[in-house]
Amino acid sequence: MSKKAVLLVNLGSPESTRVRDVRAYLKEFLTDERVIDVPFVRKFIVPQIILRTRPKRSAEAYKRIWTKEGSPLLVISRQQQELLQDAVDIPVFLAMRYGEPSISDVLADINGRGITELFIIPMYPHYAMSSYETVVVKVEDVIRENKYSIKTTLQQPFYNDPSYIKALAASAGPYLEEGFDMLLFSFHGIPERHLTKGDPSHAHCLSENCCSRKHPAHATCYRHQCLETVDAFLEETNISQEKSFVSFQSRLGKEPWLSPYTDATIERLASEGCKRLLVMMPAFVADCLETLEEIGIEGHHNFIEHGGEHMQTIPCLNDHPEWIRFLADKVNSWIQT
């Protein structure tokens, strides 16, 4: 008789805010060929330039958000694991794509417990080769290389799932009621090249109105899926398009990334007279460095500096009951199949 379990996988965090731990984390992250897919950059620029300068700056950023319990992302992810475990009748495991608990170690534990069916939930609502895809490939590689007898089922990207949208709306509700001049949706950025690389036609993505014209590329198009989330959220909450804007954050290097960029957008909105800015980050399901420090601290500082008066970030889904219910429903549906 088969034994079933669930595996939640998120990005990961350094072990501590020490520079050496941040460097080790960044090395694993930035040498992933699905994060940086240019071999020259991955093999030479990363070790010779980026890993010599970035770890110190990143360590200072992590210090701004680190808690007594550790990394916010890891702490919140463990809360999500525990709450989901309370809601379902099969074991729930947690792994990180980079850092600890590692996918390799967690899968070894799962295999050692005699589990033969595994429901994998990459904790990313949208498809991108540098997030969702790298998790799936890593899990399958570890299972294959170790010859584990584990059958896997994948939770597909849920960017427009009605229950996910309702969870977003429920978590954002109290902040929306406070009033705002503009609601900014900030998504994690990716290089434009990743869109065209994942486009099976190699001609649709980044063409005129590409995200609004139905196309097979949308199944793996991060930008299209982000815009779908925004449209569904605005419809669910009855917010007009005119009171919202979409941007992309966390770019690395000088090549073109998805735009407009969040840092420039925040500054522009403030300088153009936006006084009350509300920022939501639906690409993240747990608060982390990118939401708490990059937007919550640096973004807020820049907004005020350029003439804004009040900027509020909406927390990620974190431990919101509707989000946990969404996950539990997915797990229970899988159990019944």
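Derivation of every value follows stated rules applied to the coordinates shown; laboratory data play no part. Only a predicted model underlies this, so the values are computations on that prediction, with no experimental measurement involved. No Cβ is skipped: glycine too gets one built from the backbone with ideal geometry, and neighbour counts run over all protein chains shown.
Residue order for K214, K243, fewest other beta carbons within 10 angstrom first, comes to K214, K243.
Measuring nothing but how far apart in sequence close Cα pairs (under 8 Å, 6+ apart) lie, relative to its length, the chain scores a relative contact order of 21 percent.
Extension gain for E255 to Q156 (0.36 nm times residue separation, less C-alpha to C-alpha distance): 32.7 nm. For the range 162-313, DSSP calls about 5 percent of its internal beta bridges antiparallel.
Sum -39500 (n - 2.57) across every DSSP H segment of at least 4 residues in the chain, then divide by the residue count to get the 222 nm mean residue ellipticity, nearest 500. List each step's numbers first, then the result.
Numbers: 11 runs with 134 residues, N = 337.
Roughly -12500 deg cm²/dmol at 222 nm, from the helical runs in the chain.
Here the spin labels are modelled as points 7 Å beyond Cα on the Cα-Cβ line, and at E33 and R18 they lie 3.3 nm apart.
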